[in-house]
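Take a look at the structure set out below.
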Amino acid sequence: MSVKQALLALLEQGPMYGYQLRAEFEQRTGATWPLNVGQVYTTLTRLERDGLVAGAGADDEGHVIYRVTPAGRDEVAAWFSTPVARTQPPRDELAIKLALAVTVPGVDVGRMIQQQRTATMTALQDYTRLKRGGRATTPTPSGDLDPNDPNDPNDLAWSLVLDSLVFAAEAEIRWLDHCESRLRRAAVENAGRPDPVVERPSPVPEPVETAKAETTETAR
Amino acid sequence: MSAVLQLAGVTRIHGAGETEVHALRAVSFAARPGELVAIMGPSGSGKSTLLTLAGGLDQPTSGSVSVEGVDLATLGNKGRARMRRTSIGYVFQDFNLIPALTAAENVSLPAELHGTRPRAARRAALQALEEVGIADLADRFPDHMSGGQQQRVAIARAIAGERRLILADEPTGALDTETGEEILRLLRARCDAGAAGVLVTHEARHAAWADRVVFLRDGVVVDESGSDPAETLLDSGAR
Ligand SMILES: Nc1ncnc2c1ncn2[C@@H]1O[C@H](COP(=O)(O)OP(=O)(O)OP(=O)(O)O)[C@@H](O)[C@H]1O
Ligand SMILES: [Mg+2]
């Protein structure tokens, strides 16, 4: 993870101790990726070993303060000027689950896709409520922060992190739509009906009452 | 709270016999004051059909469409046209602006047709254009505007005045992500102020501004996400 570089970048703003670093990190990311203080101190120890930070004494309450070294500054500069590598796609449980669902007999893939889409849409609605001012259910403990104050750079940072979650959820929903239509087309072709109207349903979906009853079940 | 828009068992069949198309099948659906509902679904799933029925621009083959408790079928053409000029704001998928009129004239037209004094109508139009961020283009003609600017004129026309029901068909199709989000904020604010809104969109990111998201497929509601669908079911008498 990028905890190492993130802490170095924060220390560029001035010397800090562990709790402060965690607070600064979470102000920008809204606790989307919670950091525990243990993790912060372990990372600082490693950074010190590598010569990227150095101890700078303690404050009145005995907190050990760290500052960034010139080597640490170089590390941060390199981080900001190098694109994040996408060579190793992160393991995606949903893609793996779907890949197995389409090959294992007896799985209702259509229903799986529908349920996932509803769940992802609900998460997307939650993120959007947070963007609107955090007045509804919050997916992270950070819901009390207001991402809408344009004058606070930390708020801007967090609002961009939220946007990242929003776009990722949207991409997932588009992908699910895409899977659904590909599977339906495949089902039509497998049924040996070279149907000229590709959009035609097969099978015809349930009428509305049944479908809604299903939805209510899903919602439980 | 009673619904601003209520569809009960609405079916719309286009054509007949061999070429018959079931654009909507027995759809029941309601939008209440303060509520924004999004409709998603693949191309051809019946989204625009649903919206034109809700706006009184088309009539169901069976079932009923009511706006503010009035069954649109009982109104007649004149009554429906009146409703469209006053209660219902409609953003068309293809904008539907009149090329011979300026942006401000396009926006003020419904109010003027309804008998509002031109100056008051223009003031309301300018305010709506301001809200969609193109006050400076008030006296331009549609042909001299970008697609996104024309789309915003179409939105301004739908929100000008006190509309109780706002129906928007892909209102963000021609907009970049940030402008699109501003439009959603605006629709959301109108609903928070008491209007009911129905938004057709392909973009989940925009649908997420709604209280409920309804998924259509082949003219059928297959799925719904968001708050209290159960209450809505009771409301719409679907159960
Ligand atoms: N006037 C018409 N005559 C015949 N068929 C029609 C008519 N209007 C719509 N249809 C058919 O009804 C179905 C639903 O159309 P509709 O325009 O509601 O789809 P949509 O969901 O809005 O699609 P899109 O996302 O492409 O705008 C389609 O199969 C379409 O071909
Ligand atoms: Mg359409």
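The values are calculated or read from the model by the stated rules, or taken from the named source; none is laboratory data. In this text the structure is predicted, and so the values were computed from the model without any measurement. Note: ideal-geometry Cβ built from the backbone for every residue, glycine included; neighbour counts use all protein chains shown. Only protein heavy atoms, including side chains, enter the accessible area calculation; ligands, DNA and RNA are left aside. Shrake-Rupley method; radii C 1.70, N 1.55, O 1.52, S 1.80 Å.
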Return the residues of region B:202-226 that are open to solvent by 20 Å² or more (accessible area, probe 1.4 Å) and modelled with pLDDT under 90; say none if nothing qualifies. B:Gly226
Which one of B:Thr61, B:Thr86 is open to solvent by 40 Å² or more (accessible area, probe 1.4 Å) and farther than 30 Å from B:Asp143 by Cα? B:Thr61
Could you tell me how many of the residues in region A:6-55 are assigned to a helix (DSSP H, G or I) and open to solvent by less than 30 Å² (accessible area, probe 1.4 Å)? 15
Restricted to region B:15-33 and to residues being without any contact (Cβ under 8 Å) to a residue 12 or more places away in the chain and in contact with a strand residue (DSSP E or B) (Cβ under 9 Å, 6 or more places away or on another chain), the residue nearest to ligand 2 (Cβ to nearest atom) is B:Val21
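Mind checking whether some residue in region B:56-68 is within 12 Å of chain A (Cβ to nearest Cβ) and either of a type in the set (Lys, Arg) or more than 16 Å from ligand 1 (Cβ to nearest atom) (or both)? I'd like the intermediate steps shown before the answer.
Going residue by residue through region B:56-68, those that are within 12 Å of chain A (Cβ to nearest Cβ) are B:63.
Filter again for either of a type in the set (Lys, Arg) or more than 16 Å from ligand 1 (Cβ to nearest atom) (or both), leaving none.
No.
From the list B:Leu36, B:Leu72, B:Leu51, which residue is more than 16 Å from ligand 2 (Cβ to nearest atom) and within 13 Å of the chain's Cα centre (by Cα)? Break it down into steps so the answer makes sense when it comes.
On the way: B:Leu72 fails: within 13 Å of the chain's Cα centre (by Cα); B:Leu51 fails: more than 16 Å from ligand 2 (Cβ to nearest atom).
One residue alone meets the criteria, B:Leu36.
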Given the residues B:Leu199, B:Leu137, which is the only one that is touching a strand residue (DSSP E or B) at 6+ places or on another chain (Cβ under 9 Å) and crowded, with 18+ Cβ neighbours inside 10 Å? B:Leu199
Of the conditions (1) more than 16 Å from ligand 2 (Cβ to nearest atom); (2) in a loop (DSSP other than H, G, I, E, B), the single one that B:Arg205 does not satisfy is (2)
Flagged in region B:143-200 as closer than 12 Å to B:Ala128 by Cβ and within 16 Å of ligand 1 (Cβ to nearest atom), in numbering order, are B:Ala154
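Is it the case that region B:43-54 has a residue that's of a type outside the set (A, V, I, L, M, F, W, C), more than 10 Å from ligand 1 (Cβ to nearest atom) and at pLDDT below 95? I'd like the intermediate steps shown before the answer.
Step one: list which residues in region B:43-54 are of a type outside the set (A, V, I, L, M, F, W, C), which gives B:43-49, B:52.
Restricting the remaining residues to those that are more than 10 Å from ligand 1 (Cβ to nearest atom) gives none.
Checking region B:43-54: not a single residue is of a type outside the set (A, V, I, L, M, F, W, C), more than 10 Å from ligand 1 (Cβ to nearest atom) and at pLDDT below 95.
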